[in-house]
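Worksheet for the structure shown next.
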Amino acid sequence: MAPGNPQETRAPGEPQPFAYLSAPNAGLYGGILETFSRAKERFIVHLRPEDVAAELRAEADDALTDALDQLVRWGNLRSDADTARVTTVEDFHRKRNLYQLTAAGQAAGQAIAFYENAIGRRGQLQSVALADIAGQLRGLRAMAAEADPDPAKVHLLLLSLAERFSSLADNAQAFMSALRRAIDFSDGDVDGFLAYKERLIDYINRFIADLANSGAAIAVLLAELEDAGHERLLTLAARREAADAIPEGADAEQALALAEKRALDGWRNRWRGLRDWFTSAGAGHPSQARMLRQAAVTAIKQLIDAVGLLNERRSGRSDRSADFRTLARWFAEAPDDEAAHRLWRAAFGLTPARHLTVPGDTAAAWEEADPAPSEPWAEAPPVRISPQLRRTGTYERRGQPGKVRDRTAERELLRARAEEETAQTAAARRRLRTAGPTLLSDLGDLDPRAFRLFLTLLGDALSARRPGDTEVTTMTSDGTLRVRLSLVDGGGTATVPSDYGILTGPEHVIEITDLSGGAA
């Protein structure tokens, strides 16, 4: 056995009920144990090898018998001599065994089943459970009004209430977790996600409505029960449970009182959980039902957002995640580090900074020289750095602080530039506004600002058009311009001249409407 194997520390003869999970024939062992579990549910204790083979629809051969004997050695099964069918001496000496589950084997099977159920469960929102809880609370309210309620009926009602409430809470939590996973991984199966999202939203909406109605009724019933004396009902149920407790110690009455106290504490804790689930304790402590409604509403919003994002991606509109994936592919395909650095600078424009601040004399020199944006750094006016900054690493001048500068002229300059840009934009809008449907080739020569605005409108319209469509209508982000673009079938090529050059493309009919009433 390999060092560090946990089976090395087991004592000889100690059960190893989970050992079959890592055995070569784990499927056969699991099927055999499942057969015994189903038989136990039918109140059948012992099985013969041929009974197991019939359930598995397999041959009752030596391989099955060896598997049964191996499970006996691991402690999952127990074998007893089968003497019921002995009719001859040869039958007596022939090995015939009856097999049954051991306590360790049954516990291991239940643990594995619970694990698989917890991992694979998707959960559900149970509107029926809400109605059942309300009905059971009405029954308890009627019993609380009786002078001498039946302890058995009270106990059974409380047990049923606790079971339904536990199922409701666990399933709701599992459903919301599964829903969040479905939203997070909606990119995996787009068609499947879009197919069931409508039914899912309707399903959640119905449960929200049922939870709002039934939750309010349940909160009222809980308050009425507490006013009627629910503690008396909890005590009756705890006393009935304690009656079946095994006496411990010499003092039976003390052991019975201790068991009753433990049972009563358990019922009080369950009642508190039920009350906190449906009743809010002030603004800072909302009920779990209200939090579940809020989570369901948020999930609906996230579903709608996810559907909108998927529709945008399917329509061909670009998004940031797709851009970054394309950029990552380009980085992966770069031939060397130098090409990757060039791609980095081109994508993000993060060129090294040559200075921290621009002194006034340098700014004045730049204003006077007025270099073009395309002029190389080596030929542009230099950045004059203070010798003090070179020597000490700081640009602070000691002495009195400088006087506050009057920025009136700068503000007036900015205001004039803003007004000029506004006027130019308004003129460009008026230039592009059409009296009706117009061919792209009939737009004529466009000035630089009108041409830039035209490119923006054309790009918005083309990105909003779905694949296969020939006509699209969209609006600018500020809602002031509406653009309708229609492809001309067999229209040839359109040309739009401008100061930047000539834009060519398929002929379209464009209609640009100014929704702001022509105001600047």
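The numbers here are math on the coordinates, done by the rules we state, and not lab data. Remember, predicted model here, so these are calculated numbers, not experimental data. With ideal geometry, Cβ positions are generated from the backbone for all residues, glycine too; neighbour counts draw on all protein chains shown.
Highest mean first, how do 268-276, 337-345 rank when packing is the count of other Cβ atoms within 10 Å averaged over residues?
In descending order of packing, they fall as 268-276, 337-345.
What is the set of long-range amide H partners of residue 97 at a cut-off below 5 Å, with H atoms built 1.01 Å from backbone N?
82
Sequence-distant or interchain residues sharing an amide H contact under 5 Å with residue 503, placed H: which?
496, 498
If amide H atoms are built 1.01 Å from N in the plane of the peptide, which residues on other chains or at least 5 residues away come under 5 Å of the amide H of residue 508?
Correct list: 440, 441, 488.
When ranked by the protection proxy of mean other Cβ atoms within 10 Å per residue, highest first, what sequence do the peptides 450-463, 145-158 form?
So the order, starting with the most tightly packed, is 450-463, 145-158.
Quick check: residue separation of residue 142 and residue 217 times 0.36 nm, minus the Cα distance between them. What number comes out in nm?
That pair, residue 142 and residue 217, stretches by 25.4 nm at full extension.
With Cβ to Cβ distances under 15 Å as the rule, what net charge do the other residues near residue 495 carry (K, R +1; D, E -1)?
-4
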